[in-house]
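Here is the structure we will look at, set down as structure tokens.
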Amino acid sequence: QVQLIESGGGSVQAGGSLRLSCAASGRSFSSYTIGWFRQAPGKEREFVAVIGRSGAVTSYADSVKGRFTISRDNAKNTVYLRMNSLKPEDTAVYYCAADREGGFYRAGNEYDYWGQGTQVTVSS
């Protein structure tokens with residue numbers, strides 16, 4: 001069983017920055033695609049960003065493109081989400097998820113493992 005643990009959430013003012021981390025257990029981390037998702041109160045979970053096995057290929061939701069950067073350090077079994085120019089609309093619980101088949105998906109139901117989430121709150 002793969003365990004994912006998110007950290008780095010918190011409360012910031014609009015325009016501020018945060019860096020989220022997703023730490024994974026297991027020796028096959030480099031074979032996993034890792035996605036970031038978020039869920040705001042009263043809304044469905046939505047895709048934020050995804051990164052391929054090597055980190056060379058990434059994709060972002062239009063709502064965060066140009067502001068967020070996903071990266072990974074396979075030697076540390078960790079994926080990061082750097083969030084700049086935060087907006088109140090970014091307020092949500094952020095989750096990381098792993099696809100053990102190494103696919104490249106935006107749909108949450110394609111992922112096999114999920115973390116517990118970390119809260120991000122952006123005030124205006």
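Identify the residue in segment 86-124 that is in contact with a strand residue (DSSP E or B) (Cβ under 9 Å, 6 or more places away or on another chain) and of a type in the set (S, T, N, Q) and, among all such residues, is modelled with the lowest pLDDT.
The qualifying residue modelled with the lowest pLDDT is 124.
Return yes when residue 45 is within 14 Å of the chain's Cα centre (by Cα), over 21 Å from residue 17 (Cβ atoms), open to solvent by 10 Å² or more (accessible area, probe 1.4 Å) and at pLDDT 95 or above and no when it is not.
When the stated conditions are applied, residue 45 passes them.
Filter segment 68-92 for residues that are surrounded by fewer than 22 Cβ atoms within 10 Å (Cβ to Cβ), in contact (Cβ under 8 Å) with a residue 60 or more places away in the chain and part of a strand (DSSP E or B) and give the result.
80, 82
The values are calculated or read from the model by the stated rules, or taken from the named source; none is laboratory data. Not measured: the values here are computed from a predicted model. All Cβ positions, even for glycine, are placed from backbone atoms using ideal geometry, and neighbour counts span all protein chains on display. Heavy atoms of the whole protein, side chains included, go into the accessibility calculation; ligands, DNA and RNA do not. Shrake-Rupley method; radii C 1.70, N 1.55, O 1.52, S 1.80 Å.
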